[in-house]
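Undergrad: Before anything else, here's the structure in question.
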Amino acid sequence: MEKYNLPNLAYGYKDLEPYISEEQLMLHHDKHHAAYVNAANALLDKINEARRKGTEMDYKSVLKSLSFNVGGHVLHEKFWENMAPHSAEASRGKPAGKLAEAINKEFGSFERFKTEFSETAKTVEGSGWAILVCDQEGKNISLMQIEKHNVNYFPEVKILLCLDVWEHAYYLDYKNDRAKFIENWWNIANWEEAEKRFKV
Ligand code: MN
């Protein structure tokens with residue numbers, strides 16, 4: 001199987017300030033995300049070695065860990081793309097076009113969506129994510145709450161927008177104030193990227 005790689009960010013480490021600090025973003029990307037990539041690759045090595053040698057594996061433990069680490073990698077890849085500097089056109093504060101229509105149809109208004117997404121993020125128990133998804137046909141959009149990187153997530157949905165609310169995403173900048181982080185995060189949400197995913 002192909003190895004996973006840590007992607008470069010499309011912006012500089014300081015570019016999401018003052019909403020996410022350079023130190024916070026650097027640690028999150030270079031340490032936390034990198035750790036998931038490395039752990040996923042180490043598991044792939046372990047699986048390949050067992051296959052090559054024809055030895056046994058602890059499937060439950062190996063696959064559980066693979067799900068957690070690959071989930072962490074994929075969600076972080078999407079998360080970096082779901083943000084853009086506040087000054088960029090992409091972070092204009094609200095969606096446009098078909099995604100705006102779909103959000104209005106489902107939630108009644110963009111404000112209602114924003115409130116629901118924020119509450120979804122605030123109420124994640126422990127470490128996890130708030131995500132806006134659509135089905136493969138692009139018909140229905142809905143909110144999901146992922147615990148850790150892989151729990152409560154159902155298959156066959158496309159992730160349009162995701163927000164990491166693990167403490168490692170905000171603790172340096174916001175201490176325990178997850179709600180403030182979420183409130184500020186809307187300033188750097190990349191709507192262009194969410195619209196692009198909705199179309200594909
Ligand atoms: Mn994270």
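Undergrad: Scan the range 135-151 for residues that are of a type in the set (A, V, I, L, M), surrounded by 16 or more Cβ atoms within 10 Å (Cβ to Cβ) and more than 11 Å from the chain's Cα centre (by Cα) and report the count.
TA: First, the residues of the range 135-151 that are of a type in the set (A, V, I, L, M): 141, 143-144, 146, 151.
Then drop every residue that is not surrounded by 16 or more Cβ atoms within 10 Å (Cβ to Cβ), which leaves 141, 143-144, 146.
After this cut, where a residue has to be more than 11 Å from the chain's Cα centre (by Cα) as well, the list is 141, 143-144.
Number of matching residues: 3.
Undergrad: Identify the residue in the range 179-194 that is of a type outside the set (A, V, I, L, M, F, W, C) and open to solvent by 30 Å² or more (accessible area, probe 1.4 Å) and, among all such residues, is farthest from the chain's Cα centre (by Cα).
TA: Keep residues of the range 179-194 that are of a type outside the set (A, V, I, L, M, F, W, C), which gives 180, 183-184, 187, 190, 192-193.
With open to solvent by 30 Å² or more (accessible area, probe 1.4 Å) added as a condition, the list becomes 180, 183-184, 187, 192.
On the way: K180: 18, E183: 17, N184: 16, N187: 16, E192: 16 Å.
Step by step, filter the range 179-194, then rank; the result is K180.
Undergrad: Filter the range 126-165 for residues that are within 13 Å of the ligand (Cβ to nearest atom) and among the aromatic types (F, W, Y) and give the result.
TA: Of everything in the range 126-165, just one residue is within 13 Å of the ligand (Cβ to nearest atom) and among the aromatic types (F, W, Y), namely W129.
Undergrad: Right, here's the next one. How many of the residues making up the range 92-126 are closer than 17 Å to W185 by Cα and either in contact with a helix residue (DSSP H, G or I) (Cβ under 6 Å, 6 or more places away or on another chain) or not aliphatic (A, V, I, L, M) (or both)? Write out each step before concluding.
TA: Taking the range 92-126 and keeping what is closer than 17 Å to W185 by Cα, we get 92-95, 110-124.
Add one more test, that the residue is either in contact with a helix residue (DSSP H, G or I) (Cβ under 6 Å, 6 or more places away or on another chain) or not aliphatic (A, V, I, L, M) (or both), and what stays is 92-95, 110-123.
Within the range 92-126, residues that are closer than 17 Å to W185 by Cα and either in contact with a helix residue (DSSP H, G or I) (Cβ under 6 Å, 6 or more places away or on another chain) or not aliphatic (A, V, I, L, M) (or both) number 18.
Here's the yes/no breakdown for (1) surrounded by 13 or more Cβ atoms within 10 Å (Cβ to Cβ); (2) within 16 Å of the ligand (Cβ to nearest atom):
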site: Q24; (1), (2): yes, yes
site: H29; (1), (2): yes, yes
site: H32; (1), (2): yes, yes
site: A39; (1), (2): yes, yes
site: L43; (1), (2): yes, no
site: E49; (1), (2): no, no
site: M57; (1), (2): yes, no
site: L63; (1), (2): yes, no
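Undergrad: How about the range 108-122: which of its residues are under 16 Å from Y153 (Cα atoms) and hydroxyl-bearing (S, T, Y)?
TA: T120
Undergrad: Something else: Based on this model, can you work out whether E106 counts as among the acidic types (D, E) and either without any contact (Cβ under 8 Å) to a residue 12 or more places away in the chain or within 16 Å of the ligand (Cβ to nearest atom) (or both)? Before you say what the answer is, go through the steps one by one.
TA: Working: among the acidic types (D, E): yes; either without any contact (Cβ under 8 Å) to a residue 12 or more places away in the chain or within 16 Å of the ligand (Cβ to nearest atom) (or both): no.
Criteria not met by E106.
Undergrad: Take L6 and tell me if it is open to solvent by 30 Å² or more (accessible area, probe 1.4 Å) and within 16 Å of the ligand (Cβ to nearest atom). I'd like the intermediate steps shown before the answer.
TA: Details: open to solvent by 30 Å² or more (accessible area, probe 1.4 Å): yes; within 16 Å of the ligand (Cβ to nearest atom): yes.
The answer is yes for L6.
Undergrad: Here is a follow-up. Given the condition outside any loop (DSSP other than H, G, I, E, B), basic (K, R) and modelled with pLDDT under 95, answer yes or no: does some residue in the range 185-199 qualify? Give the derivation first.
TA: Residues of the range 185-199 outside any loop (DSSP other than H, G, I, E, B): 185-189, 191-199.
Subsequent filtering for residues that are basic (K, R) retains 196-197, 199.
Next, only the ones that are modelled with pLDDT under 95 stay: 199.
For the range 185-199, residues outside any loop (DSSP other than H, G, I, E, B), basic (K, R) and modelled with pLDDT under 95: present.
Undergrad: Moving to a separate point now. Consider E77 carefully, then state whether it is more than 16 Å from the ligand (Cβ to nearest atom) and part of a helix (DSSP H, G or I).
TA: On the way: more than 16 Å from the ligand (Cβ to nearest atom): no; part of a helix (DSSP H, G or I): yes.
Here the answer is no, as E77 does not meet what is asked.
Undergrad: Between F117, F107, F113, F68, which is surrounded by 14 or more Cβ atoms within 10 Å (Cβ to Cβ) and touching a His at 6+ places or on another chain (Cβ under 7 Å)? Spell out how you get there, then give the answer.
TA: Numbers: F117 fails: touching a His at 6+ places or on another chain (Cβ under 7 Å); F107 fails: touching a His at 6+ places or on another chain (Cβ under 7 Å); F113 fails: touching a His at 6+ places or on another chain (Cβ under 7 Å).
When all the criteria are applied, what remains is F68.
Undergrad: When you go through (1) within 17 Å of Y19 (Cα to Cα); (2) open to solvent by less than 60 Å² (accessible area, probe 1.4 Å); (3) free of Cβ contacts under 8 Å to residues at least 60 places away in the same chain one by one for S87, which number turns out not to apply?
TA: (2)
The values are calculated or read from the model by the stated rules, or taken from the named source; none is laboratory data. Here the structure is a predicted model, which means the values were calculated and not measured. As a convention, Cβ positions derive from the backbone with ideal geometry for all residues, glycine included, and neighbour counts pool all protein chains shown. When the accessible area is computed, the model is the full protein with side chains, heavy atoms only, and any ligands, DNA or RNA have been set aside. Shrake-Rupley method; radii C 1.70, N 1.55, O 1.52, S 1.80 Å.
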